[in-house]
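Q: Quick one: the structure is below, and I'll ask about it shortly.
The values are calculated or read from the model by the stated rules, or taken from the named source; none is laboratory data. Predicted model only: the values in this text are computed from it and were never measured. Note that each Cβ is placed from the backbone with ideal geometry, even for glycine, and that neighbours are counted across all protein chains shown.
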């Protein structure tokens, strides 16, 4: 799926039993689902070694100055999201970091409370929250009044 500021690759299925998202960010074993297909790709030179694809993706994105790759898994699928170059300037970046920090302290914090703590107006916080949701660093769970914020990745 191609989004406004990201590309997302989705695959049916889940990570192998016992493997977590954090395991993908460090050297790990590979468990190909289709052994014959993986072998063909290996022999064709598309795969250099097993278990380093996610590390290579992260490394290449980092070298290109792209935001951190987002690996996600739900009950039915696994996805990799690669974000475009950041469209956030340095001043905004510091404010967004502060906003995320406040949300980590209190996931139930309101927009008005965030505006007060950050010393900005409500519309600035609303715009910043929209930006964080767009780049998939933040989700809103539940209703506007009774819900809470969820930070997706550090």
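Q: Out of all the residues in region 128-151, which are surrounded by 13 or more Cβ atoms within 10 Å (Cβ to Cβ) and part of a helix (DSSP H, G or I)?
A: The answer is 128, 129, 131, 132, 133, 134.
Q: Hey, does region 10-25 have a residue that's farther than 30 Å from residue 133 by Cα and surrounded by 14 or more Cβ atoms within 10 Å (Cβ to Cβ)?
A: The answer is no; no qualifying residue exists.
Q: Would you confirm, using the coordinates I've provided, whether residue 42 is part of a loop (DSSP other than H, G, I, E, B) and either surrounded by 14 or more Cβ atoms within 10 Å (Cβ to Cβ) or in contact with a helix residue (DSSP H, G or I) (Cβ under 7 Å, 6 or more places away or on another chain) (or both)?
A: For residue 42, the condition - part of a loop (DSSP other than H, G, I, E, B) and either surrounded by 14 or more Cβ atoms within 10 Å (Cβ to Cβ) or in contact with a helix residue (DSSP H, G or I) (Cβ under 7 Å, 6 or more places away or on another chain) (or both) - is not met.
Q: Among the numbered criteria (1) surrounded by 12 or more Cβ atoms within 10 Å (Cβ to Cβ); (2) in the same structural domain as residue 10 (by TED's automatic domain parsing), which one does residue 76 miss?
A: Failing condition for residue 76: (1).
Q: Moving on to the next point. In region 45-70, how many residues are under 22 Å from residue 5 (Cα atoms), at pLDDT below 85 and in contact with a helix residue (DSSP H, G or I) (Cβ under 6 Å, 6 or more places away or on another chain)?
A: The qualifying residues number 0.
Q: Could you identify the single residue in 48, 94 that is out of contact with any strand residue (DSSP E or B) (no Cβ under 8 Å at 6 or more places or on another chain) and assigned to a loop (DSSP other than H, G, I, E, B)?
A: Every option except 48 fails the conditions.
Q: If we scan region 114-130, do we find a residue that is under 30 Å from residue 11 (Cβ atoms) and outside the structural domain of residue 14 (by TED's automatic domain parsing)?
A: There is at least one residue in region 114-130 that is under 30 Å from residue 11 (Cβ atoms) and outside the structural domain of residue 14 (by TED's automatic domain parsing).
Q: Condition check: within 15 Å of the chain's Cα centre (by Cα) and either closer than 18 Å to residue 9 by Cα or surrounded by 16 or more Cβ atoms within 10 Å (Cβ to Cβ) (or both). Does residue 52 satisfy that?
A: Answer is no for this residue.
Q: Can you report the number of residues in region 97-115 which are surrounded by 13 or more Cβ atoms within 10 Å (Cβ to Cβ) and part of a helix (DSSP H, G or I)?
A: 9
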